[in-house]
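I have placed the structure first, in the form of structure tokens, so that the comments after it can refer back to it.
The values are calculated or read from the model by the stated rules, or taken from the named source; none is laboratory data. Computed from a predicted structure; not experimentally measured. So basically every Cβ, Gly included, is an ideal-geometry build from the backbone, and we count neighbours across all protein chains shown. Keep in mind that these areas ignore ligands, DNA and RNA; they rest on the heavy atoms of the full protein, side chains included. Shrake-Rupley method; radii C 1.70, N 1.55, O 1.52, S 1.80 Å.
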Amino acid sequence: MEKVSKRQNFLKKGVMTLSVACASLILLSTTTLEAKGPLTTEVKTQAVQKTSLSEERINTVLKEAYEKFKNNQDGKNADYIKALAIVDSKIFGITLVTPNGKVYEIGDTKAEVSIQSISKVFTACMVLQEKGNKFLQEKIGVNATGLAFNSIIAIELHGGSASNPFVNAGAIQATSWVEAKDSKERWAKIYANMDDFAGKKLNFNEEVYDSEVNDNKNNQAIAKILDARGRMGSDPLEATTVYTKQCSVNVSAHDLGVMASTLANHGTNPKTGKKILDEKHVPKILAVMATAGLYDNAGDWLYNTGTPAKSGVGGGILAVVPGKMGIGIVSPPLDKFGNSVRGQLAAEYIIEKLGINPLAQ
Ligand code: GLU
């Protein structure tokens with residue numbers, strides 16, 4: 001008799017454990033159910049977080065971010081490249097793209113600006129893909145410089161090397177190492193790679209290119225020093241010209257959102273289904289983005305958002321929430337570091353309100 005009741009108790013406990021487990025699973029896989037019954041606080045928290053990513057919630061937060069920051073007048077367009085100074089400062093577009101290709105957007109998401117430094121991410125991806133992780137780390141470097149993105153002295157301070165692929169020195173170096181028989185083929189490959197990330201043919205901004213290529217002495221000097229130190233993979237002046245071309249490709253917030261989502265989706269473009277970067281290289285490029293993606297404000301950015309990101313002086317920002325979201329924002333006025341003012345504010349707001357800071361998961 002006693003044996004039977006022990007067994008019944010055991011079975012009863014088993015059934016209870018099983019129903020708690022099932023309840024947890026149901027809560028985690030839906031967006032509408034409320035936590036009921038004997039659930040732990042941990043499970044409730046997870047359920048709430050999942051709920052916060054409903055389509056309605058994403059659209060609400062996106063609208064809030066847009067309304068809150070659209071009239072912000074801080075910062076100003078970059079003017080050291082003359083064509084950037086005349087871009088419409090009012091452009092403000094935000095696009096979020098999930099790894100399964102769902103797009104949420106608001107504002108001027110089709111307005112195009114030159115990609116500038118954000119292109120450095122995609123050329124570095126090509127070096128990872130063609131030459132491997134070690135090559136990028138050893139030949140170019142993956143440390144922050146603590147100095148301006150176009151610094152020449154940083155090269156000397158780092159033993160005659162660039163310190164990462166997102167400062168101009170490292171970016172021109174990365175461009176020089178893309179495998180090709182000549183600079184024409186190198187440029188074609190770099191352009192096609194950015195198209196693949198965006199899932200469309202991107203436009204080329206002749207005006208920005210002309211403005212920059214005729215005023216490019218600092219970048220040429222950087223390339224020549226690196227060449228003298230045996231760090232370049234091809235002719236330094238040709239590589240500088242190809243680098244200037246890659247910076248002159250036009251992107252919209254929508255394009256940046258898709259490009260970011262390709263990294264959030266482990267290297268496969270959710271729009272086209274094309275695999276562009278091997279999955280094993282994705283954490284490597286994201287690590288450099290986390291360390292050095294927002295110029296001398298990279299630490300504050302990571303502190304505020306926890307996301308690997310990259311900005312450019314054209315006013316674009318691309319941020320990646322691995323496995324969850326690609327974020328693309330365009331707004332030309334920049335802060336003193338060279339990062340889009342509205343872009344940073346909007347991204348920080350969205351990441352915080354949606355609870356998608358990767359370091360808080
Ligand atoms: N093409 C620009 C330069 O070389 C890129 C700068 C940037 O966006 O950081 O100065």
Fully extended, how many nm does the chain gain between K181 and L359 (0.36 nm per residue separation, minus their Cα-Cα distance)? 59.9 nm
For the charge dipole of region 198-268, defined by +1 on Lys and Arg C-beta atoms and -1 on Asp and Glu C-beta atoms about the Cα centroid, which residue among V251, Y209, A198 has the Cα displaced farthest towards the positive pole? A198
Candidates A124, A319, A287, ranked by Gaussian network fluctuation over the chain, Cα under 10 Å, top entry: A287
Go through K275/K353; K189/K284; K90/K275 and tell me which ones have a Cα-Cα distance over 26 Å in this structure. K275/K353; K90/K275
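Report, in deg cm²/dmol and to the nearest 500, the calculated mean residue ellipticity at 222 nm for the chain, where each DSSP H run with n ≥ 4 adds -39500 (n - 2.57) and the sum is divided by the residue count.
-15500 deg cm²/dmol
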Tell me the Rg and the Dmax, in Å, that the Cα atoms of region 98-186 produce. 15.8, 46
State to the nearest 20 debye the size of the charge dipole of the chain about its Cα centre, where the only charges are +1 on K and R beta carbons and -1 on D and E beta carbons. 1600
Between the DSSP loop rule and a limit of at most 12 other Cβ atoms within 10 Å, which trypsin sites (Lys or Arg not before Pro) in region 174-215 are left? K181, K201
Rounded to the nearest 10, the angle in degrees between the Cα long axis of helix 55-69 and the longest principal axis of the Cα atoms of the chain comes to 40
When ligands, DNA and RNA are left out and all protein chains stay put, how many square angstrom of accessible area per residue does the chain have with a 1.4 Å probe? 46
Past 19 Å, Cα to Cα: identify those pairs from K102/K310; K200/K271; K63/K110, in the order given. K102/K310
Over all pairs of different Cα atoms in the chain, the reciprocal of the mean inverse distance gives a Kirkwood radius in Å of 21.4
³J(HN,Hα), Karplus 6.51/-1.76/1.60, whole Hz, each residue of region 205-220, x for Gly, Pro: 9, 4, 4, 5, 4, 4, 4, 7, 5, 8, 9, 10, 5, 5, 5, 5
Round to the nearest 10 and give me the degree value, 0 to 90, for the angle of helix 119-131's Cα axis relative to the longest principal axis of the chain. 80
Once K189 and V213 are pulled to full extension, the length gained, defined as 0.36 nm per residue separation minus their Cα-Cα distance, is 6.7 nm
Solvent-accessible surface (1.4 angstrom probe) belonging to V121, in square angstrom, nearest 10: 0
Can you tell me which aspartates and glutamates have their Cα less than 12 Å from the Cα of K201? Leave out same-chain residues fewer than eight positions away. D255
If every Lys and Arg gets +1 and every Asp and Glu gets -1 at its Cβ, then about the Cα centre region 72-210 yields a dipole, in debye to the nearest 20, of 340
Of the trypsin sites (Lys or Arg not before Pro) in region 106-160, those whose Cβ has at most 14 other Cβ within 10 Å and which sit in DSSP loop: K110
